[in-house]
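Here the structure comes first, spelled out in C-alpha coordinates, and everything after it is commentary.
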Amino acid sequence: MFKEFKKFILRGNVVDLAVGIAIGAAFTSVVNSLVRGFIDPLVAVFYGGQKLANSTFTINGKEFLYGDVINSVISFLIVAIVIFFLVVQPINKLTERFGKGESEETPTHKCPHCLAKVPKAATKCMFCTSSLQKAA
(Lines give C-alpha, C1' and ligand atoms only; values in the text may rest on other atoms or scores of the structure.)
Protein backbone atom coordinates (compact mmCIF):
# COMPACT_ATOMS: atom_id res chain seq x y z
CA MET A 1 0.00 0.00 0.00
CA PHE A 2 2.86 2.40 0.79
CA LYS A 3 4.47 1.64 -2.59
CA GLU A 4 1.23 2.52 -4.39
CA PHE A 5 0.96 5.78 -2.45
CA LYS A 6 4.60 6.62 -3.22
CA LYS A 7 4.00 5.88 -6.91
CA PHE A 8 0.91 8.12 -6.87
CA ILE A 9 2.70 11.01 -5.15
CA LEU A 10 5.71 10.86 -7.45
CA ARG A 11 3.64 10.92 -10.63
CA GLY A 12 4.43 13.89 -12.80
CA ASN A 13 0.90 15.28 -12.90
CA VAL A 14 0.50 15.24 -9.10
CA VAL A 15 3.76 17.13 -8.62
CA ASP A 16 2.86 19.54 -11.44
CA LEU A 17 -0.52 20.18 -9.83
CA ALA A 18 1.08 20.87 -6.44
CA VAL A 19 3.58 23.28 -8.00
CA GLY A 20 0.79 25.00 -9.94
CA ILE A 21 -1.31 25.48 -6.82
CA ALA A 22 1.65 26.87 -4.86
CA ILE A 23 2.57 29.31 -7.64
CA GLY A 24 -1.08 30.28 -8.09
CA ALA A 25 -1.44 31.05 -4.38
CA ALA A 26 1.75 33.13 -4.39
CA PHE A 27 0.66 34.99 -7.52
CA THR A 28 -2.78 35.64 -6.04
CA SER A 29 -1.23 37.23 -2.96
CA VAL A 30 0.87 39.49 -5.24
CA VAL A 31 -2.25 40.53 -7.15
CA ASN A 32 -4.16 41.15 -3.91
CA SER A 33 -1.30 43.38 -2.72
CA LEU A 34 -1.35 45.23 -6.05
CA VAL A 35 -5.09 45.84 -5.74
CA ARG A 36 -4.87 46.94 -2.08
CA GLY A 37 -1.74 49.03 -2.50
CA PHE A 38 -2.18 50.58 -5.93
CA ILE A 39 -5.63 50.18 -7.48
CA ASP A 40 -7.60 50.82 -4.28
CA PRO A 41 -5.83 54.16 -3.57
CA LEU A 42 -6.13 55.09 -7.25
CA VAL A 43 -9.88 54.50 -7.12
CA ALA A 44 -9.99 56.51 -3.87
CA VAL A 45 -8.66 59.55 -5.74
CA PHE A 46 -11.71 59.45 -8.03
CA TYR A 47 -14.11 58.08 -5.40
CA GLY A 48 -13.85 60.98 -2.98
CA GLY A 49 -10.88 60.09 -0.79
CA GLN A 50 -12.36 56.95 0.76
CA LYS A 51 -10.66 53.66 -0.03
CA LEU A 52 -12.86 51.36 -2.06
CA ALA A 53 -12.17 48.47 0.33
CA ASN A 54 -13.71 50.46 3.20
CA SER A 55 -16.91 51.27 1.28
CA THR A 56 -20.01 49.99 3.05
CA PHE A 57 -23.74 50.37 3.22
CA THR A 58 -26.01 49.66 6.18
CA ILE A 59 -29.40 47.95 6.27
CA ASN A 60 -31.18 47.46 9.63
CA GLY A 61 -27.96 48.08 11.52
CA LYS A 62 -26.01 45.48 9.53
CA GLU A 63 -22.96 46.69 7.66
CA PHE A 64 -22.23 45.29 4.20
CA LEU A 65 -18.65 45.64 2.87
CA TYR A 66 -19.34 45.97 -0.84
CA GLY A 67 -15.96 47.61 -1.43
CA ASP A 68 -14.17 44.49 -0.21
CA VAL A 69 -16.22 42.38 -2.64
CA ILE A 70 -15.34 44.73 -5.51
CA ASN A 71 -11.64 44.45 -4.58
CA SER A 72 -11.91 40.66 -4.64
CA VAL A 73 -13.59 40.75 -8.06
CA ILE A 74 -10.84 43.05 -9.39
CA SER A 75 -8.18 40.68 -8.01
CA PHE A 76 -9.90 37.68 -9.58
CA LEU A 77 -10.17 39.40 -12.95
CA ILE A 78 -6.48 40.36 -12.93
CA VAL A 79 -5.45 36.78 -12.10
CA ALA A 80 -7.79 35.41 -14.78
CA ILE A 81 -6.49 37.84 -17.41
CA VAL A 82 -2.85 37.06 -16.65
CA ILE A 83 -3.47 33.30 -16.70
CA PHE A 84 -5.38 33.58 -19.96
CA PHE A 85 -2.74 35.65 -21.77
CA LEU A 86 0.40 34.08 -20.29
CA VAL A 87 -0.68 30.45 -19.99
CA VAL A 88 -3.83 29.51 -21.92
CA GLN A 89 -3.19 31.38 -25.17
CA PRO A 90 0.45 30.25 -25.56
CA ILE A 91 -0.53 26.63 -24.86
CA ASN A 92 -3.41 26.86 -27.35
CA LYS A 93 -1.05 28.26 -29.99
CA LEU A 94 1.50 25.53 -29.35
CA THR A 95 -1.20 22.86 -29.48
CA GLU A 96 -2.56 24.34 -32.71
CA ARG A 97 0.89 24.59 -34.25
CA PHE A 98 2.15 21.13 -33.32
CA GLY A 99 -1.21 19.36 -33.12
CA LYS A 100 -2.22 20.19 -36.71
CA GLY A 101 -0.09 17.46 -38.21
CA GLU A 102 -1.73 14.85 -36.02
CA SER A 103 -5.28 15.81 -36.94
CA GLU A 104 -4.54 16.06 -40.67
CA GLU A 105 -2.52 12.85 -41.00
CA THR A 106 -2.53 10.98 -44.25
CA PRO A 107 -4.42 7.69 -44.23
CA THR A 108 -2.23 4.80 -43.10
CA HIS A 109 -2.22 1.04 -42.95
CA LYS A 110 0.03 -1.53 -41.29
CA CYS A 111 3.00 -3.03 -43.06
CA PRO A 112 2.33 -6.79 -43.30
CA HIS A 113 5.99 -7.54 -42.51
CA CYS A 114 6.87 -5.32 -39.52
CA LEU A 115 3.37 -4.03 -38.58
CA ALA A 116 4.51 -0.38 -38.62
CA LYS A 117 2.14 2.37 -39.73
CA VAL A 118 2.92 3.49 -43.26
CA PRO A 119 1.04 5.83 -45.62
CA LYS A 120 -1.44 4.05 -47.88
CA ALA A 121 0.22 5.48 -50.98
CA ALA A 122 3.67 4.08 -50.02
CA THR A 123 5.17 1.33 -52.17
CA LYS A 124 7.95 0.49 -49.67
CA CYS A 125 7.87 0.38 -45.87
CA MET A 126 10.09 3.10 -44.44
CA PHE A 127 10.94 0.90 -41.45
CA CYS A 128 11.72 -2.53 -42.88
CA THR A 129 12.04 -1.52 -46.59
CA SER A 130 9.75 -4.32 -47.68
CA SER A 131 7.80 -3.82 -50.89
CA LEU A 132 4.14 -3.08 -50.31
CA GLN A 133 1.22 -3.74 -52.61
CA LYS A 134 -0.95 -0.74 -53.31
CA ALA A 135 -4.47 -1.08 -51.99
CA ALA A 136 -7.04 -1.00 -54.76
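The values are calculated or read from the model by the stated rules, or taken from the named source; none is laboratory data. All values reported here derive from a predicted model rather than from experimental measurement. Note that each Cβ is placed from the backbone with ideal geometry, even for glycine, and that neighbours are counted across all protein chains shown.
Some points to look at:
- Residue within the range 49-64 that is acidic (Asp, Glu), under 23 Å from Ala25 (Cα atoms) and either surrounded by 11 or more Cβ atoms within 10 Å (Cβ to Cβ) or at pLDDT 85 or above (or both) present: no
- Some residue of the range 94-105 being closer than 30 Å to Thr129 by Cβ, in a loop (DSSP other than H, G, I, E, B) and not hydroxyl-bearing (Ser, Thr, Tyr): yes
- Scanning the range 55-88 for residues that are within 24 Å of Ala44 (Cα to Cα) and assigned to a loop (DSSP other than H, G, I, E, B) yields Ser55, Thr56, Leu65.
Condition check ((1) among the charged types (D, E, K, R); (2) closer than 15 Å to Gly24 by Cα; (3) at pLDDT 85 or above) across all residues:
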| residue | (1), (2), (3) |
| --- | --- |
| Ile70 | no, no, yes |
| Phe76 | no, yes, yes |
| Gln89 | no, no, yes |
| Ser103 | no, no, no |
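- Here is the figure for the range 1-28: residues that are under 30 Å from Ile70 (Cα atoms) and surrounded by 11 or more Cβ atoms within 10 Å (Cβ to Cβ) total 6.
- Screening Gly49 with (1) assigned to a loop (DSSP other than H, G, I, E, B); (2) of a type outside the set (S, T, N, Q); (3) touching a residue at least 12 places away in the same chain (Cβ under 8 Å) gives one miss only, at (3).
Okay, residues lined up against (1) in contact (Cβ under 8 Å) with a residue 12 or more places away in the chain; (2) surrounded by 13 or more Cβ atoms within 10 Å (Cβ to Cβ); (3) assigned by TED's automatic domain parsing to the domain that holds Gly24:
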{"site": "Leu86", "(1), (2), (3)": "no, no, yes"}
{"site": "Arg97", "(1), (2), (3)": "no, no, yes"}
{"site": "Ala121", "(1), (2), (3)": "yes, no, no"}
{"site": "Thr129", "(1), (2), (3)": "no, no, no"}
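- Take the conditions (1) loosely packed, with under 11 Cβ neighbours inside 10 Å; (2) out of contact with any Ser or Thr (no Cβ under 7 Å at 6 or more places or on another chain); (3) modelled with pLDDT of 85 or more; Leu34 misses just one of them, which is (1).
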